[in-house]
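K.L.:
Okay, handing you the structure first.
The values are calculated or read from the model by the stated rules, or taken from the named source; none is laboratory data. These numbers were taken from a predicted model, which means no experiment stands behind them. All Cβ positions, glycine included, derive from the backbone under ideal geometry; neighbour counts span all protein chains shown. Surface areas here come from the heavy atoms of the whole protein model, side chains and all, with no ligands, DNA or RNA. Shrake-Rupley method; radii C 1.70, N 1.55, O 1.52, S 1.80 Å.
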Amino acid sequence: TQFRAYLSFSATPCYHRQGLQVLMASQTQESEAPAAEAGGTGQSDSATPATQSTPSASSSQPRNDYAAFREMLKHPSALPLTARLQDFVRRFPEGLSREKAADRIHKFLSSTQDWMLSEVVVFAADADEEGQLNAQEGLEKFLLSRMHARIFGIEQSDHAEDETLKQRIDSLSWVTLNHLGIPPVDTSLLDLAVEQLQQIDKFKAPRDKLVCILNSCRVINDVLKRAIDDSGSSGRPLSADDFLPLMIFSLILANPPRLHSNTEFVAAFRHPSRLVAEDAYFLTALQSAAAFVKDASPKALEVSEEDFKHLCETSLAEKGYSPDGSKPAQGDEPRPAATAAAKGLELQPEQRTALAARVADLPMRFEGVQSVRHLKVGDMATLLEEYREMAKLLREVQQDALPEKS
């Protein structure tokens, strides 16, 4: 019962029998996630994590639905919608708290999706229930992917929280199933759950991050179900006391990049009308697991205070931290970022804000152009000027020459 206090929902996790099998099968297919390392360098609004099921989509639908949404945006009747989105991004104020930024975005999405489905011909024509939901999902992903750099980790404390939680999880790498009171399970089956947690940071849109969380939780549920069946207790319903300890163990194994910022981003910027039921439950489960790890004590893990301190210090030393645990030891510092994308991850919050503002000021008149055949001779001067400005921004990032204020 020690774990129940960390999980505020009273509902029992919904068991998905196909969760593990489908995810295992997906490993043999081409991955839809970017190939870059975790940490954001491979983030793409067009990438979508493979998922067994969502409230409205099967495993093959999310990518196809978003591709269809992008195609519909090219329709002449969608030009006012594109202009409306660009104007919102350009005029979005800096310096908002996460709560105020989310409130502004949710209000805009709510009003825009209603207008889009009733007034934009290409979307109104496909306005059955499924078409409406796909359009709403596409709209959220399209907007949030473009605003990601400006609203992810928006609070000044987010970076420090991420680093503190990462170090805390690193210090607990010695924790075993026994420490969490988990009966014997085949931990190799958790590899998929761990992998999904590590994928969260590779995506920009709240829904895509959430799909990674759901996939991980479904695998954990499936592993628990198998363990219960093997123990001779087949048919017993799962509870928070079954699920959360294994969620905690998986989280320690995964130590996902920027965990605090990612969970806060999903919780804040996923539209409230769609962050319900199973989605809300499993997001809360991940947040609860993180809270347990952050507060983990010798008593909770059933070890003495002396052993707890020794084990944590040993784990940190093995991972290259200095004796005081404040930073990686000298000589184990990460290599300098080699690309502009990697450099971008190292920018200070003020620099990221300035960069996002300058990018938002770019007209991006040709963003939707898919072929040179759609360009006119008169477009070339404008296209070249936009290219020059973007190249200048990339150079400033690459050379650490980006000012903190634009």
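K.L.:
Taking the stretch 82-124 only, how many residues are among the basic types (Lys, Arg), surrounded by 12 or more Cβ atoms within 10 Å (Cβ to Cβ) and without any contact (Cβ under 8 Å) to a residue 60 or more places away in the chain?
P.N.:
Residues meeting the conditions: 3.
K.L.:
On the basis of being assigned to a loop (DSSP other than H, G, I, E, B), open to solvent by 90 Å² or more (accessible area, probe 1.4 Å) and modelled with pLDDT under 70, does PRO334 make the cut?
P.N.:
yes
K.L.:
Hey, another quick one. Any idea which of ALA78, ALA160, ALA135, ALA127 is assigned to a helix (DSSP H, G or I) and either within 23 Å of GLN351 (Cβ to Cβ) or open to solvent by 20 Å² or more (accessible area, probe 1.4 Å) (or both)?
P.N.:
When all the criteria are applied, what remains is ALA160.
K.L.:
I'm told ILE220 meets every condition in (1) closer than 27 Å to ARG274 by Cα; (2) in contact (Cβ under 8 Å) with a residue 60 or more places away in the chain; (3) in a helix (DSSP H, G or I) except one. Can you identify the failing condition by its number?
P.N.:
All conditions pass for ILE220, except number (2).
K.L.:
In addition: Given the criterion at pLDDT 95 or above, in contact with a Lys or Arg (Cβ under 7 Å, 6 or more places away or on another chain) and surrounded by fewer than 24 Cβ atoms within 10 Å (Cβ to Cβ), identify the matching residue among ALA240, ALA268.
P.N.:
ALA268
K.L.:
Got a sec? Which of ARG63, ARG90, ARG84 is part of a helix (DSSP H, G or I) and either at pLDDT below 70 or among the aliphatic types (A, V, I, L, M) (or both)?
P.N.:
Answer to the selection: ARG63.
K.L.:
Same structure, new question: Kindly indicate whether ILE228 is open to solvent by less than 20 Å² (accessible area, probe 1.4 Å), of a type in the set (Val, Ile, Thr), under 23 Å from PRO257 (Cβ atoms) and in a helix (DSSP H, G or I).
P.N.:
Criteria not met by ILE228.
K.L.:
If you don't mind, there's one more thing I want to ask. Between residues in the stretch 297-312 that are of a type outside the set (Asp, Glu) and residues that are open to solvent by 50 Å² or more (accessible area, probe 1.4 Å) and not in a helix (DSSP H, G or I), which pairs lie under 8 Å by C-beta distance while being six or more apart or on different chains?
P.N.:
PRO298/SER304; ALA300/GLN2
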